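A short reminder: the numbers here are calculations on the coordinates, not readings from a lab. Just so you know, these numbers come straight off a predicted model, no measurement behind them. A quick note on method: Cβ atoms are made from the backbone with ideal geometry, for glycine too, and the neighbour counts reach across all protein chains shown.
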Amino acid sequence: MDLPPLREIPLSRFDNIGSLPSLVIRNDQDVEIWAKTTSYHEYDLFLRRLNESVVGFFLPYTKRINAVRHMSFSFCN
């Protein structure tokens with residue numbers, strides 16, 4: 001899937017950023033409002049590009065989880 005490139009923001013843009021970010025999403029209605037913003041769409045694009053970057057890569061699977069689970073049961077006895 002071809003996704004558009006992410007927008008590049010030069011660091012110089014943050015020299016006079018002003019006030020620090022604050023919590024403005026407090027309920028579902030706030031999420032609906034945020035979903036219509038540029039920042040939401042850029043965040044969505046970032047997540048989709050991140051997802052696409054790992055397609056076709058597989059993590060090696062080991063039975064190590066079962067060994068850890070077995071160890072935890074042995075401590076209980």
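General remarks:
- Stretch gain in nm, segment residue 7-residue 24, where the contour uses 0.36 nm per residue and the Cα spacing is subtracted: 3.8 nm
- The chymotrypsin sites (Phe, Trp or Tyr not before Pro) of the range 1-60 that DSSP puts in a loop, and whose beta carbon has at most 16 other beta carbons within 10 Å, are 57, 58.
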